[in-house]
Amino acid sequence: MNRVLCLFILNSIIVGLSGGCSVTQILPKQSATSIYQQPERLILINIHSVQRNVSPNIGMGGKPYVSHGNYPIPFSTKKTLEDITQEYALEAIEGWPINALSMYCQVLAVPENVDPHAVLASLNVDDRIAFAQPLHTFTTLTQSTTHDDARYDDPYFETQFEGFQDQVISLHQQFSGDNIKVAIVDTGVDVAHQDLQDQVDLARNFVDTHSEQFVADKHGTAIAGIIAAKPNNQTGIVGIAPNASLMVLKACWYPIASDVANCNSFTLAKALLFALEADADIINLSLSGPDDPLIEKIIEKLVAQGILIIAAEHKNPLRNFPAKLINVISTSSLTAHSQSSDVSAPGNEQLTTAPNNHYDFYSGNSIATAYVSGISALLLQAYPGSNVNNIKQLLSDKTPDPHCITATFLPESRASQCEPR
């Protein structure tokens, strides 16, 4: 069995066995679907908290007023949270320390007969609280276009890259994403897939303890295949950056009977903070949602650390976060004909990995985002030290690319007739 999958399952078993301890058992017992089935009642508060000596290895989930690892939150913070909960008649759901922002984040439930907006208005003028906000819901942006013959068992490289297979092979001899860490903040991934085994260096679940569902998740599996499917293994497809190191950080889940995965402010925050502490080079966000103060603050921190954020554009401006942020690389599918995204990439009927060693066609801005994340990994290897503005210029063909990386993968750049060195 794949090393990463073994570690992931073992970790899940260990967590499950520790249920008798309120500090070490920090995962919610319910599934994300049950915890967040009434998101309109859930809010986030963030209070300033003195950082304690806590482990840098962020774990998964959280219980009310409990920090990760074996370290309790400061007594003053716990007391403040308890006072706020009682005074406003709120129910504590999950809590999480955000050491990068020197804050503690708490998910709270508002009583059913109380207006959450009124509660938020009161909380935001409470001097004990840095800021309060709704628990926003984010969604993935991919549509499955399943074919009757979707169960593939042959190599499909010849169907990729629109006739530029020779150029891809030549380019991969120089640049294939070596030593570039790409964090996929998404659903889970089938880490044992024949085209993904050995490609995933790390997997974490910030939603629940369901390891079987983790490896059955479609969206993240599709994203991982586009970015870094294993080459030369006589099966399946080839990723754009096949030597990149993938971090799978599950922050999204599938509601019952839905093909669209949901995430929220809290689960995304935990995953993004993990990516920060794990020194990711690129974070793939094939999702979108409403403006979110907490996520925006964390993204500012990530960008300040030199981490590239690649996000899917949404045609609705009210749902176009975080792609709308100036230091995020916004991406759309070529077929979306977007005039506002930083880069357009192939995102229609793209063949990629599916759970249980299958392959399937997927379409949408989510897929285009993964495509750009893979290209960005090659660009970071080819041009070390590049920042978000440098990569934007290269992707948009506004800066010369002597290695012809963008011209190889992006159809709109091929008119330049780039000749690689």
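The values are calculated or read from the model by the stated rules, or taken from the named source; none is laboratory data. Predicted, not measured: the structure shown is a model, and the values here were computed from it. Cβ placement follows ideal geometry from the backbone for every residue including glycine, while neighbour counts extend to all protein chains displayed.
If the Cβ limit is 9 Å and pairs must be 6+ apart or interchain, which residue in the range 288-299 that is assigned to a loop (DSSP other than H, G, I, E, B) pairs with which residue that is of a type in the set (A, V, I, L, M, F, W, C) and surrounded by fewer than 17 Cβ atoms within 10 Å (Cβ to Cβ)?
Listed by first residue and then by second, the contacts come to Pro290/Leu318; Asp291/Leu318.
Would a scan of the range 191-211 turn up a residue that is in a loop (DSSP other than H, G, I, E, B), small (Gly, Ala, Ser) and either out of contact with any Pro (no Cβ under 8 Å at 6 or more places or on another chain) or under 20 Å from Ala275 (Cα atoms) (or both)? Walk me through it before giving the result.
Restricting attention to the range 191-211, the residues satisfying the condition of being in a loop (DSSP other than H, G, I, E, B) are 191-199, 206-210.
Imposing the further condition that a residue be small (Gly, Ala, Ser) reduces the set to 192.
Of the ones still in play, those that are also either out of contact with any Pro (no Cβ under 8 Å at 6 or more places or on another chain) or under 20 Å from Ala275 (Cα atoms) (or both) are 192.
Yes, because at least one residue in the range 191-211 is in a loop (DSSP other than H, G, I, E, B), small (Gly, Ala, Ser) and either out of contact with any Pro (no Cβ under 8 Å at 6 or more places or on another chain) or under 20 Å from Ala275 (Cα atoms) (or both).
Residue by residue, here is whether (1) of a type in the set (A, V, I, L, M); (2) under 21 Å from His136 (Cβ atoms); (3) at pLDDT 95 or above; (4) surrounded by 23 or more Cβ atoms within 10 Å (Cβ to Cβ) holds:
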| residue | (1), (2), (3), (4) |
| --- | --- |
| Gly306 | no, no, yes, no |
| Ile309 | yes, yes, yes, yes |
| Ala312 | yes, yes, yes, yes |
| Ser330 | no, yes, yes, yes |
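Residue by residue through the range 319-342, note down the ones that are more than 30 Å from Thr235 (Cβ to Cβ) and in a strand (DSSP E or B). Walk me through it before giving the result.
Step one: of the range 319-342, the residues more than 30 Å from Thr235 (Cβ to Cβ) are 319-330, 332, 336-342.
Of everything in the range 319-342, those that are more than 30 Å from Thr235 (Cβ to Cβ) and in a strand (DSSP E or B) turn out to be Phe321, Ile329, Ser330, Ser332.
Within the range 160-171, can you find the residues that are surrounded by 13 or more Cβ atoms within 10 Å (Cβ to Cβ), at pLDDT 75 or above and part of a helix (DSSP H, G or I)?
Correct list: Phe161, Gln167, Val168, Ile169, Ser170, Leu171.
For the range 221-241, how many residues meet the condition of being under 16 Å from Lys181 (Cα atoms) and either part of a loop (DSSP other than H, G, I, E, B) or not hydrophobic (A, V, I, L, M, F, W, C) (or both)?
Start the filter on the range 221-241 by keeping residues that are under 16 Å from Lys181 (Cα atoms), which leaves 223-230, 239-241.
Checking which are either part of a loop (DSSP other than H, G, I, E, B) or not hydrophobic (A, V, I, L, M, F, W, C) (or both) leaves us with 225, 229-230, 239-241.
Residues that pass the stated criteria total 6.
Note down all Cβ pairs under 9 Å where the first residue falls in the range 311-326 and is in contact (Cβ under 8 Å) with a residue 24 or more places away in the chain and in the same structural domain as Ile184 (by TED's automatic domain parsing), the second is among the charged types (D, E, K, R) and not in a loop (DSSP other than H, G, I, E, B), and they're at least six residues apart or on different chains.
Partner pairs satisfying both residue conditions: Phe321/Glu296; Pro322/Glu296; Leu325/Glu296; Leu325/Glu300.
Could you please tell me which pairs satisfy a Cβ distance under 7 Å, a separation of 6+ or placement on different chains, a first residue in the range 377-391 that is more than 18 Å from Asn243 (Cβ to Cβ), and a second residue that is of a type in the set (Gly, Ala, Ser) and not in a loop (DSSP other than H, G, I, E, B)?
Pairs found: Ile391/Ser376.
When both residues are 6+ apart or on different chains and their Cβ atoms are under 8 Å apart, which pairs have a first residue that lies in the range 73-93 and is assigned by TED's automatic domain parsing to the domain that holds Leu42 and part of a helix (DSSP H, G or I), and a second that is among the charged types (D, E, K, R) and surrounded by 13 or more Cβ atoms within 10 Å (Cβ to Cβ)?
Within 8 Å, the pairs are Thr80/Arg128; Asp83/Arg128; Ile84/Asp126; Ile84/Arg128; Thr85/Glu91.
Take the residues of the range 106-143 that are at pLDDT below 95, of a type in the set (S, T, N, Q) and assigned to a loop (DSSP other than H, G, I, E, B): which is farthest from Val260 (Cα to Cα)?
Asn113
Working carefully through the options Leu380, Leu394, Leu351, find the one that is assigned by TED's automatic domain parsing to the domain that holds Glu313, aliphatic (A, V, I, L, M) and within 20 Å of the chain's Cα centre (by Cα).
On the way: Leu394 fails: within 20 Å of the chain's Cα centre (by Cα); Leu351 fails: within 20 Å of the chain's Cα centre (by Cα).
Result: Leu380 is the single residue among Leu380, Leu394, Leu351 that is assigned by TED's automatic domain parsing to the domain that holds Glu313, aliphatic (A, V, I, L, M) and within 20 Å of the chain's Cα centre (by Cα).
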